[in-house]
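Chemist: One structure follows; several queries about it will come next.
The values are calculated or read from the model by the stated rules, or taken from the named source; none is laboratory data. Bear in mind that the values here come from a model prediction, so they are computed numbers and not experimental data. A quick note on method: Cβ atoms are made from the backbone with ideal geometry, for glycine too, and the neighbour counts reach across all protein chains shown. Ligands, DNA and RNA are excluded from the accessible area calculation, which covers all protein heavy atoms including side chains. Shrake-Rupley method; radii C 1.70, N 1.55, O 1.52, S 1.80 Å.
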Amino acid sequence: MRIAVTGASGLIGGALGAELRGSGHEVVRLVRREAAGPDEVRWDPAAGRLDPRDLTGVEAVVHLAGAGVGDRRWTDARKKVLYDSRVQGTRTLAAALAAMDVPPRVLVCGSAIGYYGDTGDQPVDESAPAGRGFLAELVRDWEAAAQPAAEAGIRTAFARTGLVVAREGGAWGRLFPIFKAGLGGRLGDGRQFWSFISLRDELAALRHILGTPALTGPVNLTAPEPLTNREVTAAMGRVLHRPTLAAVPAPVLRAALGEFAGDVLGSQRVRPARLLESGFTFAHPGIDDAIRAALRTG
């Protein structure tokens, strides 16, 4: 297929584009600079500019663009960047797709398990309502911005991704150097649930959604059994053969991260019900295998 990808320079988008090309698909990257070749299309999501004619022949779209949630302290200005990069970008893309003479068959829109807010010990799946807080509100509006595409008859799915276990990039990429140095440990009391997924399973799940017509709406991309931060910490020490005696108290996290600390210390026990029901098989359902896979692939 001819597949358009936004966020193609990011951790997931870059790996997905390479994998799709390796499988014989034609990948078109949406970029904010001048297009450097026939495999790129320029767009300006903030200004709402994307010419539908530039997407002619595109049969599927994977939309992963958005500023990094944990890259900087959450000031009001930073939260606006996080919100606008997702909501305005999705609105721009959805409007362009809806205006195409021959729209793509499917749009897989990046999303996040932040939708559920802090779920404590309660397991949740795609049937759960939106939670509270900035991330929950952001994800709700992010997904709603894709409505023009759905109304145009494009099958639209939202890949609500958890913490991606990868050696470089994303939140986990920041953990590996700390744990390798023997400075890793639990965050807060460590009882909060972390819903993780290996990078390989993330890519496979995105491709599964692309190829499964029954999958529309929210789809959780997380391993089958979430673990507590204490359990994840122990696994990191076990696989890396390093001590995990250090701990970061909640007040220190709040002083360092500000409002974002509430999400780091919050608990999200999310299960991928729709993936499992649709026949998806995880290569790395357990945390030890996910960590080892990240160390092998970089």
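Chemist: Please list the helices of the chain that count as membrane-span-like by this rule: a mean Kyte-Doolittle hydropathy of at least 0.0 together with Cα atoms stretching 27 Å or more along the helix axis, each helix being a complete DSSP H run. The partial results should precede the final answer.
Modeler: Details: long enough: 76-98 (32 Å, -0.30).
Result, helices passing both filters: zero.
Chemist: Below 8 Å, C-alpha to C-alpha, sequence gap of six or more: please give me the relative contact order for the chain in percent.
Modeler: Details: 593 pairs, mean separation 55.0, N = 298.
Over the chain, the number comes to 18 percent.
Chemist: Given the -39500 (n - 2.57) contribution per DSSP H run of 4+ residues, what per-residue ellipticity at 222 nm results for the chain, rounded to the nearest 500 deg cm²/dmol? Let's see the in-between values first.
Modeler: Numbers: 11 runs with 115 residues, N = 298.
Mean residue ellipticity, 222 nm, calculated: -11500 deg cm²/dmol.
Chemist: Find how much the distance from residue 53 to residue 88 grows on full extension, using 0.36 nm per residue of separation minus their present alpha carbon separation; answer in nm with one decimal.
Modeler: 10.6 nm
Chemist: Of [x] 29, 21, 18; [y] 32, 20, 18; [z] 49, 26, 15, which is the value of semi-axes √(5λ) of the Cα gyration tensor in Å derived from the coordinates here?
Modeler: [y]
Chemist: On the accessible surface of the chain, probed at 1.4 Å, how many percent belong to carbon and sulfur atoms?
Modeler: Values: 6960 of 13340 Å².
That fraction is 52 percent.
Chemist: Then there's this: Normalised by the residues of region 141-298, what does the relative contact order come to in percent, with Cα pairs under 8 Å and at least six apart?
Modeler: Working: 251 pairs, mean separation 52.1, N = 158.
RCO, region 141-298: 33 percent.
Chemist: Continuing with this model, one more query. With a Förster radius of 25 Å, plug the Cβ-Cβ distance of residue 67 and residue 250 into 1/(1 + (r/R0)^6) and report the FRET value to the nearest 0.05. If you can, show how the numbers build up before the last one.
Modeler: Working: r = 26 Å, r/R0 = 1.03.
About 0.45, to the nearest 0.05.
Chemist: Leaving out ligands and nucleic acids, note down the accessible area per residue over the chain with a 1.4 angstrom probe, in whole Å².
Modeler: Ligands and nucleic acids excluded, the figure is 45 Å² per residue.
Chemist: Please give the contour-minus-distance gain from residue 296 to residue 122: 0.36 nm per residue of separation, less the Cα-Cα distance, rounded to one decimal in nm. Can you show the working numbers first?
Modeler: Details: separation 174, 0.36 × 174 = 62.64 nm, distance 3.33 nm.
Taking residue 296 through residue 122 to full extension adds about 59.3 nm, to one decimal.
Chemist: Follow-up. Name the most mobile residue of 134, 196, 158, meaning the one with the largest mean-square fluctuation, in a Gaussian network model of the chain with Cα contacts below 10 Å.
Modeler: For the chain, modelled as a Gaussian network with Cα springs under 10 Å, the answer is 134.
Chemist: So, R0 is 30 Å and r is the distance between the beta-carbons of residue 283 and residue 26; what FRET efficiency does that work out to, to 0.05? Mind dumping the intermediate values first?
Modeler: Working: r = 26 Å, r/R0 = 0.86.
My answer for the efficiency is 0.70.
Chemist: What is the extension gain from residue 102 to residue 174, computed as 0.36 nm multiplied by their sequence separation minus the C-alpha to C-alpha distance, in nm to one decimal?
Modeler: Numbers: separation 72, 0.36 × 72 = 25.92 nm, distance 4.23 nm.
So the extension gain works out to 21.7 nm.
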